[in-house]
Amino acid sequence: MSRPNKRGGRPMLTLCPVCFEQVEGQYVGPDDAVSLSAVCPKHGGWQTPVWIGSPTFDSWGAESTCGCCGGAAGGTAKTCTAVLEVTHRCNLSCPVCFADSTSASPFVDDTMDEDLACHLSAGFGGGMGRTANVCGAVTGAILALGLLGRDSDSKELRCRLRAYLRVQEFCREFEEKHGTLTCRGLLGYDISTPEGCDQIEHEGLIHSRCPAFVSDAVKIVEDIL
């Protein structure tokens, strides 16, 4: 694997963390704090640290006479490496890089206790606590996008930006299909008022419409992830 010797050298290839499409990137920053910067045409730009401290990034590529890294014994060769950013979206069974693991790996954990999930989402119904605002299926989908798309850098801005992009994509697709994100708009009545609540119950809208909203939300999340 080759790399540019200086910032601003020839482009290198990386993957968009959202859609996994191959895009061109470049190394930026001072020699002791180098980041990989790239832009996806669909999901925008991001930047991630790849080198911090000593030895400096540019001095690291010194010639070697050890015979490793592809060099012949007694000859010279540039050292080489790969930067792997393994997240929970990786199945650790990659045909391209050497990420590999078993189901017992601590990196593979997309489960959640059902009781905990029910408690976390208890207030989502009726457009968030029967206030007729954002549909509970939408709110639950946003929670799932954050949970299932998490990685070890969950506190970093880069991870939050990825989550924002997924949520924006979800909201756009859900609204295109149903015309709105709100409980009030989806059911046609204001569940936060006694009159609206009575009418919704009288027409059986919770049972006739809401399951479809939940099903569509799940399908959209699955497509995004």
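All of the numbers you see were taken from the coordinates with simple rules; none came from a lab. Because the structure is a prediction, the values reported are computed rather than measured. Every residue, glycine among them, receives a Cβ derived from its backbone with ideal geometry; neighbour counts consider all protein chains shown.
If r is the Cβ-Cβ distance from THR131 to GLU175 and R0 is 22 Å, what FRET efficiency results, to the nearest 0.05?
With R0 = 22 Å, the Cβ-Cβ based efficiency is 0.70.
For ARG166, ARG209, what's the fewest-to-most ordering of other Cβ within 10 Å of each Cβ?
ARG209, ARG166
Going by how many other beta carbons lie within 10 Å of each one, how would you line up ILE142, ILE191, fewest first?
Ordered from fewest to most neighbouring Cβ atoms within 10 Å, ILE142, ILE191 come out as ILE142, ILE191.
Ordered by residue, what ³J(HN,Hα) values in Hz, to whole numbers, does the range 202-213 give under the Karplus form 6.51 cos²θ - 1.76 cosθ + 1.60, where θ = phi - 60° and Gly and Pro are x?
4, 8, x, 5, 4, 8, 8, 10, 4, x, 5, 5
Using a Förster distance of 45 Å, how high is the FRET efficiency between ILE52 and ALA212, based on the Cβ-Cβ distance and rounded to 0.05?
Plugging the Cβ-Cβ distance into 1/(1 + (r/R0)^6) gives 0.35.
Exposure proxy check: ASP113, ASP58, ASP190 ranked by fewest other beta carbons within 10 Å?
Starting with the residue having the fewest Cβ neighbours, the order is ASP113, ASP58, ASP190.
Given axes a ≥ b ≥ c from the Cα gyration tensor, I'd like to know whether the range 114-224 is rounded (a/c under 1.5), prolate (a/b larger than b/c) or oblate.
prolate
How much FRET efficiency would the formula 1/(1 + (r/R0)^6) give for THR193 and ASP113, where r is the Cβ-Cβ distance and R0 is 41 Å, rounded to 0.05?
Given R0 = 41 Å and the Cβ-Cβ separation, E is 0.70.
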